[in-house]
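K.L.:
Sharing a structure with you now.
The values are calculated or read from the model by the stated rules, or taken from the named source; none is laboratory data. What you see is a predicted model, and the numbers here were worked out from it, not measured in a lab. Neighbour counts run over all protein chains shown; Cβ positions are idealised from the backbone, glycine included.
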Amino acid sequence: MSAQSALRITEICRYICFYVKGNRDTRYRNTLGSLARCSQAFSDVALGALWEHIDSLEPLMKLIPSSALERGEGQNDEDDNLLQAAELARISFHSRRVRILTYDHRGDFSYRTVIGQLADYPETTPLLPRLNSLTYQYDFYSTVPHMIANLDTFFAICPRFQKLTLQGRSPYWSHRDRDRDQTYFDVLPRRLPHVRDFVIKIDFNVPKLHFTAQFEHLRSLEIGVAKRYSGQAGYLQVDALQAIAGLRNLESLSIGALRISPWPPVPSLAGFPSLRSVRIVQGDHEGVYALLSHVTSPFLSEIDLTLKHQEYDWKRDITPCFTLLSTRFGSSLESLTWRAEKSGDFHSDAQEFRELKTHFLRPLFSLSRLKHLDLQMWTNMFSTEWLIFSPQEAEEMSRAWMNLESFSLSPNFSYFSLASLVPFVLGCRHLIYLEIPVLFVDDHEIEMASDIPFVNTPPRFLELKVGIISGGSSSPYADHFRAYLYQVFPRLRML
């Protein structure tokens, strides 16, 4: 065992299997199979990688003798076609390795009878005892009675899997799809009460989500739309949001490509009491504000927001959202990602531009627990002058976010200079990653930076990613700005 540990055989084999399994070509899968026939140290890991995630039930069905479970009417359990102990052991040897299963309705529904017969054997009950995640794929032609019948199959496969992902495909948009499938969604909590992580990714229509309130143990919920009618996002209605908000154990919520309807306050509703993470993709500022204003959880530590492309007024639309973040979640928020891009005709307003540069970050200064901050804010304004963070502004930012470990700032209205970058990094003592689109350097900046004392005790490790380095002159100093950074940060890594 000591020799195996020293050689890190398990880690090496997992590394090999990762690349082998990444290619579905038969030649590579044969290579993985050959690896599994090697020494025990390699075979266990290779088989684990091969069987951990299966895309259908077909690989398991191939382990069963062709006639073993084909019992017709009038045949009984004493017939010769019962599975033998060695055959059951072979099935169990592989099935216990499966942790993730993709069940396709069209391809796997025919195996229901076989799964039911396997449930008669203690060795294969449940069939996949270590299954954690099940993805169920259905389409427009899958009938609701058959979809409901599959729930019994899921129970026979594994009655304790925790994550359920529903992927519904439809060739075209229709109101009938949602109404037809609603019966199926409504029975899910009763038939699968053990589910803790629930994902809905369907085409065009989102079902009425009141049924989610019956998932008493639900920890995470992800709602998304794969296809949209004429490019228009669907709506999450008030009743759906109220049902979700009442989930007492919900810790993670993700909403993709859906607009959140305006939601009037409900004083008696303790919304999202346990929420720790929120992710919204292709939303709008109104929906973001409506949702976050109803979160009462004192544990919310992560917010990841990507707003759709449209015109945003930073005073009217963005500042209220930033203010809400600071007043509601100042004592808990540790990670904030905010991506908002404007589209439309560009216009010039120098005063508004300077005001935006000065004030747009201030509402976030009270988020003192932030460890990760990613801000991508593009306006439809332009200016002929460089708007640079002064060293004083940089120091103020570093005092506000002393716990930052990762910072990505990508606006088109304000930039760091070398003289403001260094004091900011020095003030954020835990910062190890910084990404900025532009670093402004000129003679004056270089001269100021050269007066900054070196920091060698202890040496700071920092990864710095800069999109464009802009200089104001051809001075030879500008060619050596990296040397100044390396002197200040001996363990600097430029990306």
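K.L.:
Return the residue satisfying two criteria in turn: it lies in region 249-272 and is part of a loop (DSSP other than H, G, I, E, B) and within 17 Å of Asp284 (Cβ to Cβ), and of such residues it is modelled with the lowest pLDDT.
P.N.:
In this case the residue turns out to be Trp263.
Conditions tested, residue by residue: (1) closer than 16 Å to Lys201 by Cβ; (2) aromatic (Phe, Trp, Tyr); (3) more than 24 Å from the chain's Cα centre (by Cα).
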site: Thr125; (1), (2), (3): no, no, yes
site: Gln137; (1), (2), (3): yes, no, no
site: Phe140; (1), (2), (3): yes, yes, yes
site: Phe154; (1), (2), (3): no, yes, yes
site: Leu166; (1), (2), (3): yes, no, no
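K.L.:
I've got another one for you. What number goes with the only condition from (1) of a type in the set (Phe, Trp, Tyr); (2) surrounded by 14 or more Cβ atoms within 10 Å (Cβ to Cβ); (3) in a loop (DSSP other than H, G, I, E, B) that Tyr141 does not pass?
P.N.:
With (1) of a type in the set (Phe, Trp, Tyr); (2) surrounded by 14 or more Cβ atoms within 10 Å (Cβ to Cβ); (3) in a loop (DSSP other than H, G, I, E, B) applied to Tyr141, the lone miss is (2).
K.L.:
What are the pairs, 6+ residues apart or on separate chains, where a residue within region 236-263 that is of a type in the set (Lys, Arg) has its Cβ under 7 Å from a residue that is surrounded by fewer than 21 Cβ atoms within 10 Å (Cβ to Cβ) and assigned to a loop (DSSP other than H, G, I, E, B)?
P.N.:
Partner pairs satisfying both residue conditions: Arg248/Pro273; Arg248/Ser274; Arg259/Ala233; Arg259/Asp284.
K.L.:
While we're here: Considering only region 375-392, state which residues are outside any helix (DSSP H, G or I), surrounded by fewer than 17 Cβ atoms within 10 Å (Cβ to Cβ) and modelled with pLDDT of 85 or more.
P.N.:
Passing the criteria: only Ser390.
K.L.:
Answer yes or no: is there a residue in region 102-114 that is modelled with pLDDT of 85 or more, assigned to a loop (DSSP other than H, G, I, E, B) and surrounded by 15 or more Cβ atoms within 10 Å (Cβ to Cβ).
P.N.:
For region 102-114, residues modelled with pLDDT of 85 or more, assigned to a loop (DSSP other than H, G, I, E, B) and surrounded by 15 or more Cβ atoms within 10 Å (Cβ to Cβ): absent.
K.L.:
Just the residues that are more than 21 Å from His194 (Cα to Cα) and touching a residue at least 24 places away in the same chain (Cβ under 8 Å), please, taken from region 135-171.
P.N.:
Tyr138, Asp139, Phe140, Tyr141, Ser142, Val144, His146, Gly168, Arg169, Ser170, Pro171, listed by residue number.
K.L.:
Under 7 Å between Cβ atoms, at least 6 apart or on separate chains: pull out the pairs that start in region 216-227 with a residue that is part of a strand (DSSP E or B) and end on any residue that is of a type in the set (Phe, Trp, Tyr).
P.N.:
Leu221/Phe198; Val225/Phe204
K.L.:
Have a look at Val225, Val199 and point out the one that is buried (at least 17 other Cβ atoms within 10 Å of the Cβ), at pLDDT below 85 and on the phi < 0 side of the Ramachandran plot.
P.N.:
On inspection, the qualifying residue turns out to be Val225.
K.L.:
For the condition in a strand (DSSP E or B), over 18 Å from Gly107 (Cβ atoms) and either among the β-branched types (Val, Ile, Thr) or modelled with pLDDT of 85 or more (or both), what is the one hit in Leu134, Leu164? Give the derivation first.
P.N.:
On the way: Leu134 fails: over 18 Å from Gly107 (Cβ atoms).
Leu164 is the lone residue from the list that is in a strand (DSSP E or B), over 18 Å from Gly107 (Cβ atoms) and either among the β-branched types (Val, Ile, Thr) or modelled with pLDDT of 85 or more (or both).
K.L.:
While we're looking at this one, here's another question. Scanning for something part of a loop (DSSP other than H, G, I, E, B) and modelled with pLDDT of 95 or more, does region 336-356 turn up at least one residue?
P.N.:
No: region 336-356 contains no residue that is part of a loop (DSSP other than H, G, I, E, B) and modelled with pLDDT of 95 or more.
K.L.:
Sort out which residues of region 291-306 are closer than 15 Å to Thr323 by Cβ and either surrounded by fewer than 19 Cβ atoms within 10 Å (Cβ to Cβ) or of a type in the set (Asp, Glu) (or both), and write them in order of number.
P.N.:
Of everything in region 291-306, just one residue is closer than 15 Å to Thr323 by Cβ and either surrounded by fewer than 19 Cβ atoms within 10 Å (Cβ to Cβ) or of a type in the set (Asp, Glu) (or both), namely Ser293.
K.L.:
Here's a follow-up. I need the full set of residues from region 296-325 which are assigned to a strand (DSSP E or B) and among the hydrophobic types (A, V, I, L, M, F, W, C), in order please.
P.N.:
Ile303, Leu305, Leu307
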